[in-house]
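For reference, the structure discussed in these notes is given below.
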Amino acid sequence: MKKIIALLLALTMVFALCACGTKTEAPAEEPAEEVVEEAAPVEEVAEEPAAPAVDTVILKEADDKMINNYSLIAVNAEAPFVDADGNAVADVAVNTAGADALIQWLLTQDAIDMAANHGFEQYGEYLFYAKEDAPVYAGEIAAATEETKVIRLSTTTSVNDSGLLAYLLPAFESEYGYTVEIQSAGTGKAIAAAKAGNADLIFVHSKSQEEAFVEGGFGRVVDGFEAERITFLYNFYVLCGPTADPAGVKDAASVLDAFAAIAEGKYSFISRGDKSGTHTKEISLWPEDLGITAEAESFVDYTEWYVSANTGMGACLVMAEEMGAYILTDKATFLTFYANGGVIG
């Protein structure tokens, strides 16, 4: 009996083990397919062009009354030199040899071509033009010596601020061994420096002041030329102002009409106020009945809108930009100012 019971228990265990070995596992669930939602198309928003850094623009140009001539004059070593108060100045040493060399080089065809092409590649416009009747020098140019190597050039801010001298002079200095020291101011001050014996030559742009300089005995004829005053380059004055142009300058029939509109509406105007060539030209463009001259008393009733800055062209352009004012400037300096985002120097 015990054997039968043991046999039955053994069989029961065998059946149980077989049942466990044949148990089927539920199939693994397949991962759910990831649903990717398509992003809504992004509408391309056209970027608005950035506002120009400078709001001041050219509003009137190429008027016959806006031609701007530039001249060279060598200083006469025997001139009656005087200081700002009219007192005689003695013991003045003028580097005539150096002045001759620089003037002769500036009047070579190569230098004239350089000056006429200055700025075109950068600005897409010519800053200066060579006068058709300008004399061209083809003679010898003396190299610098220990006594003549430093040349003092007194010039106007428009020539300097436009970058013309920085473009031209390295070629001259490298070839002939000179060093040119530049004094830059308005034409009136540039001429005054020469009258005091502080320059060997001048490079300016005010015909009346240049002629008075020569008539006073301060100029001399350089070898290879016929007259003291050598006019060889020109460009144009331009009347600039804010893009809004409240005086309607852009639509005025002439530059004289434009100046009259500025005065009538009492719109802000920045004057050089420094007896420079630009200042002299500006005075000639106001209606005669206003009586504006270089003297402060002449515009005392207009100070509400007429600002006499008594400073250089670059600084005046910065003032005009800040005040939204009108201004007369040479085109070369304006294009440099505009391209540099309202910065000069």
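Structure summary
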{"item": "Enumeration of residues in segment 123-138 that are within 20 Å of Ser158 (Cβ to Cβ) and either in contact with a Phe, Trp or Tyr (Cβ under 8 Å, 6 or more places away or on another chain) or in a helix (DSSP H, G or I) (or both)", "result": "Tyr123, Tyr126, Leu127, Phe128, Tyr129, Ala130, Lys131, Ala134"}
{"item": "Qualifying residue in segment 275-282 (condition: under 27 Å from the mean Cα position of the chain (by Cα) and without any contact (Cβ under 8 Å) to a residue 40 or more places away in the chain)", "result": "no"}
{"item": "Options Asp55, Asp63; residue that is in contact (Cβ under 8 Å) with a residue 24 or more places away in the chain, more than 14 Å from Ala196 (Cβ to Cβ) and touching a Leu at 6+ places or on another chain (Cβ under 9 Å)", "result": "Asp63"}
{"item": "Of all residues making up segment 85-122, the number that are polar (S, T, N, Q), surrounded by 13 or more Cβ atoms within 10 Å (Cβ to Cβ) and in a loop (DSSP other than H, G, I, E, B)", "result": "2"}
{"item": "All positions within segment 74-128 that are among the aromatic types (Phe, Trp, Tyr) and touching a helix residue (DSSP H, G or I) at 6+ places or on another chain (Cβ under 6 Å)", "result": "Trp105, Tyr123, Tyr126, Phe128"}
{"item": "Qualifying residue in segment 175-187 (condition: part of a helix (DSSP H, G or I) and under 20 Å from Thr108 (Cα atoms))", "result": "yes"}
{"item": "Residue tally, condition in contact (Cβ under 8 Å) with a residue 60 or more places away in the chain and either part of a loop (DSSP other than H, G, I, E, B) or not hydroxyl-bearing (Ser, Thr, Tyr) (or both), over segment 322-345", "result": "15"}
{"item": "Condition met for Ala227 (within 27 Å of the chain's Cα centre (by Cα), among the aliphatic types (A, V, I, L, M) and either in the same structural domain as Trp105 (by TED's automatic domain parsing) or on the phi < 0 side of the Ramachandran plot (or both))", "result": "no"}
{"item": "Which listed residue is surrounded by 11 or more Cβ atoms within 10 Å (Cβ to Cβ), of a type in the set (A, V, I, L, M, F, W, C) and out of contact with any Phe, Trp or Tyr (no Cβ under 8 Å at 6 or more places or on another chain), from Val75, Val82, Val150", "result": "Val82"}
{"item": "Matching helices (runs of 4 or more DSSP H) fully within segment 200-306 where at least 1 residues are of a type in the set (Ser, Thr, Tyr) and surrounded by 14 or more Cβ atoms within 10 Å (Cβ to Cβ)", "result": "277-285"}
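Residue-by-condition table, conditions (1) outside the structural domain of Asp330 (by TED's automatic domain parsing); (2) of a type in the set (D, E, K, R); (3) farther than 21 Å from Ala315 by Cβ; (4) at pLDDT below 95:
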site: Ile112; (1), (2), (3), (4): yes, no, yes, no
site: Glu125; (1), (2), (3), (4): yes, yes, yes, yes
site: Val136; (1), (2), (3), (4): yes, no, yes, no
site: Ile141; (1), (2), (3), (4): yes, no, yes, no
site: Ile151; (1), (2), (3), (4): yes, no, yes, no
site: Thr156; (1), (2), (3), (4): yes, no, no, yes
site: Phe172; (1), (2), (3), (4): yes, no, yes, no
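The values are calculated or read from the model by the stated rules, or taken from the named source; none is laboratory data. Please read all numbers here as calculations on a predicted model, not as lab measurements. Methodologically, a virtual Cβ is constructed for each residue, glycine included, from the backbone with ideal geometry; neighbour enumeration extends over all protein chains shown.
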